[in-house]
1. For a quick check: sort 25, 3 by the number of other beta carbons within 10 angstrom, fewest at the front.
2. If a/c stays under 1.5 just call it rounded; otherwise compare a/b with b/c (prolate if a/b is bigger, oblate if not). Do that for region 16-68, with a ≥ b ≥ c from the square roots of the Cα gyration tensor eigenvalues.
């Protein structure tokens, strides 16, 4: 089955709206990229497909595919700044 760019963009647009549930973003992302519904359901319910160590904190991991962890607003900017600072110091 071919990758459907329109479906992907529509799904991600809906998942990133201000009124969307942020806890559901990762599941929308998996759906947008064509992961099977059964896999998404197993991951959502912390089943055996979710191999993350911190499932209770909202971490999602699919072996050999992805690792997802929600971060606080502004945390990414701090990481980017730290990364740039580290790179310029080297």
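Any read-out appearing in this document is the output of simple, stated calculations on the displayed coordinates, not a laboratory observation. Everything numeric in this text was worked out from a predicted model, so none of it was measured. Heads up, the Cβs are rebuilt from the backbone with ideal geometry, glycines too, and the neighbour counts pull from every protein chain shown.
1. Details: 25 15, 3 9.
In increasing order of surrounding Cβ atoms, one gets 3, 25.
2. Details: a/c = 1.86, a/b = 1.32, b/c = 1.41.
Judged from the Cα gyration tensor, region 16-68 comes out oblate (a/c at least 1.5, b/c at or above a/b).
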